[in-house]
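K.L.:
Quick one: structure below, then a few questions.
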Amino acid sequence: RGAPRGHTAGARRGEGGDALPVIPPEFRCSLTNKLLQDPVIADDGLTYERCEVEEAARRGGWISPATGSMMTAPRLVPNLALAALLRRYD
């Protein structure tokens, strides 16, 4: 079972003791684990932050967490559905 409505399971506590929201893992960049702002899907099927993946490609590439393959010049597709969810999440 999930947490009761209005309660954030596993939430950290802020300075005032209020529960800090838990960010769903789907809302995080596969490279940096930071909250996505401009999500794009790369050839490996994972979602990344556009500026992070473009910078990684400029530096020579990165290893895909999904496939273990070297990614050097990925074709990036905007993840419009996730972008809409992120706008509602804010």
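Laboratory data are not the source of any read-out in this text; all were calculated from the coordinates shown. If you're wondering where the values come from, they're calculated on a predicted model, not measured in any experiment. Every residue, glycine among them, receives a Cβ derived from its backbone with ideal geometry; neighbour counts consider all protein chains shown.
K.L.:
For the stretch 25-76, which chymotrypsin sites (Phe, Trp or Tyr not before Pro) are both in a DSSP coil and crowded by at most 15 other Cβ atoms within 10 Å?
P.N.:
Sites meeting the loop and neighbour criteria: none at all.
K.L.:
In sequence order, what are the phi-derived ³J(HN,Hα) couplings for the stretch 53-67 according to the Karplus relation 6.51 cos²θ - 1.76 cosθ + 1.60 with θ = phi - 60°, rounded to whole Hz, with x for glycine and proline?
P.N.:
Working through the residues one at a time gives 6, 5, 5, 4, 5, 4, 7, x, x, 8, 8, 5, x, 7, 10 Hz.
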